[in-house]
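A short worksheet on the structure shown next.
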Amino acid sequence: MQHQHCVLENPSNLCYLNSMIQALLHLFGQVRPPDKAGFGCLRPMLNALTKCVKPQQLSRRKDCMQLLQGWRDLHQQHDAAELLQHLTKDGVPRILLGSWESRVSGVSEREPATVRAWNTAVPLIPLPCTGQTTTQLALNSWSVQPGPRNEEYVTALADVPVILSIQLLRFQEKGGRIKKVRSPVTVNPVIRVPFFKDGNTQQLSTSEYRLISGVVHTGDTPHTGHYRCFCLKPQSSSSSEVETIAEAFDKGAATSALQMVDDGRTPFNATARDVQHINRNWYILFFSRQ
């Protein structure tokens with residue numbers, strides 16, 4: 001597996017685009033060659049970017065602009081999560097494809113569980129920002145949140161994706177204004193995600209995922225501020241390295257296993273300040289199933 005990166009320039013308000021493409025590019029470099037086809041319509045652009053030697057402006061690339069057809073006001077700041085949805089508007093790439101459901105148990109044991117809510121779009125899992133202190137705890141809370149009539153919902157993956165995308169709902173509308181929740185949510189480099197054992201019950205098992213890349217946001221609203229990408233080096237998948245990364249996130253310490261990717265720069269090792277900033281401001285995470 002290769003550490004893929006390409007310097008992306010930002011002529012005007014393109015950090016939302018650059019950061020998302022960098023996160024996807026790092027994912028592309030981490031999967032096995034046979035799995036690269038799973039990136040679907042994104043594959044030609046990502047494959048071409050891995051071969052670039054000189055800095056690139058995505059707004060001048062035909063392959064990128066084809067993916068952005070119908071996207072308005074390119075050089076105006078946008079929500080990176082909305083961009084990901086647009087990039088996959090013609091169908092979620094197979095490698096990102098999955099689904100979750102919220103199920104309520106039947107009246108009797110013989111009755112199948114009833115599906116009350118579901119999602120197949122990406123980012124796949126929307127995590128409420130409700131005071132949970134780690135990614136895993138936020139996932140646990142998401143899985144057992146009650147329904148609108150206080151029904152005992154169980155929420156879990158119904159179709160398990162190869163690459164899991166998670167969005168932290170930091171932006172909340174109150175009184176017609178967007179407010180950002182800045183509570184730290186410590187990133188767990190390894191998470192266990194519940195999935196339903198079959199299509200009719202609430203019985204669960206779990207699948208292990210490891211962090212590959214993510215997008216961090218600085219600012220007050222998703223349409224302002226600045227977006228950056230962060231990613232783990234390929235060799236950081238060993239058990240000892242994962243423990244080191246987990247400790248760095250937990251303590252807010254510098255680590256050479258984690259890199260920051262910003263506009264116009266080659267990747268650089270995360271400082272303690274960078275790691276602390278990620279915990280306070282991460283917005284989207286991408287994990288690979290183990």
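The values are calculated or read from the model by the stated rules, or taken from the named source; none is laboratory data. Owing to the predicted nature of the structure, the values given are computational and were not obtained by experimental measurement. Because the Cβ atoms are built from the backbone with ideal geometry, glycine has one as well, and the counts that use them run over all protein chains shown.
Quick notes on this structure:
- Subset tally (residues that are modelled with pLDDT of 90 or more and either buried (at least 21 other Cβ atoms within 10 Å of the Cβ) or among the charged types (D, E, K, R) (or both)) for region 103-132: 5
- THR155 satisfies every condition listed in (1) β-branched (Val, Ile, Thr); (2) surrounded by 14 or more Cβ atoms within 10 Å (Cβ to Cβ); (3) part of a loop (DSSP other than H, G, I, E, B) except (3).
- Test result for PRO146, closer than 20 Å to PHE286 by Cβ and not polar (S, T, N, Q): no
- Complete set of residues in region 1-40 that are modelled with pLDDT under 95, in contact with a Lys or Arg (Cβ under 8 Å, 6 or more places away or on another chain) and crowded, with 20+ Cβ neighbours inside 10 Å: none
- Residue, farthest from GLN57 (Cα to Cα), within region 255-271, restricted to residues that are of a type outside the set (Gly, Ala, Ser) and surrounded by fewer than 16 Cβ atoms within 10 Å (Cβ to Cβ): THR271
- Test: residue in region 214-231 that is among the basic types (Lys, Arg) and part of a strand (DSSP E or B): yes
- Screening ARG43 on (1) in contact with an Asp or Glu (Cβ under 6 Å, 6 or more places away or on another chain); (2) surrounded by 15 or more Cβ atoms within 10 Å (Cβ to Cβ); (3) part of a helix (DSSP H, G or I) shows it passes everything except condition (1).
- Exactly one residue out of GLY219, GLY252, GLY214 is of a type in the set (Gly, Ala, Ser), surrounded by fewer than 15 Cβ atoms within 10 Å (Cβ to Cβ) and in contact (Cβ under 8 Å) with a residue 12 or more places away in the chain, and it is GLY219.
- Restricted to region 76-148, the set of strands (runs of 3 or more DSSP E) holding at least 2 residues that are more than 25 Å from ASN18 (Cβ to Cβ) comprises 99-104, 114-119.
- When residues of region 165-183 are limited to those that are in a strand (DSSP E or B) and touching a Lys or Arg at 6+ places or on another chain (Cβ under 7 Å), the one modelled with the lowest pLDDT: GLN172
- Hits in region 169-201 (condition: of a type in the set (Asp, Glu) and either touching a strand residue (DSSP E or B) at 6+ places or on another chain (Cβ under 9 Å) or under 18 Å from GLN132 (Cα atoms) (or both)): GLU173
- Of all residues in region 237-249, those that are assigned to a helix (DSSP H, G or I) and either surrounded by 19 or more Cβ atoms within 10 Å (Cβ to Cβ) or small (Gly, Ala, Ser) (or both) total 7.
- Region 158-183, subset within 14 Å of ILE284 (Cα to Cα) and not hydroxyl-bearing (Ser, Thr, Tyr), residue surrounded by the fewest Cβ atoms within 10 Å (Cβ to Cβ): LEU169
- For the residues ARG72, ARG94, ARG61, the requirement of being over 17 Å from the mean Cα position of the chain (by Cα), surrounded by 14 or more Cβ atoms within 10 Å (Cβ to Cβ) and of a type outside the set (Val, Ile, Thr) singles out ARG61.
- Residue, modelled with the lowest pLDDT, within region 133-164, restricted to residues that are more than 19 Å from SER205 (Cα to Cα) and in contact with a strand residue (DSSP E or B) (Cβ under 8 Å, 6 or more places away or on another chain): GLY147
- Residue that is farthest from MET20 (Cα to Cα), among those in region 46-75 that are part of a loop (DSSP other than H, G, I, E, B) and in contact with a strand residue (DSSP E or B) (Cβ under 9 Å, 6 or more places away or on another chain): PRO55
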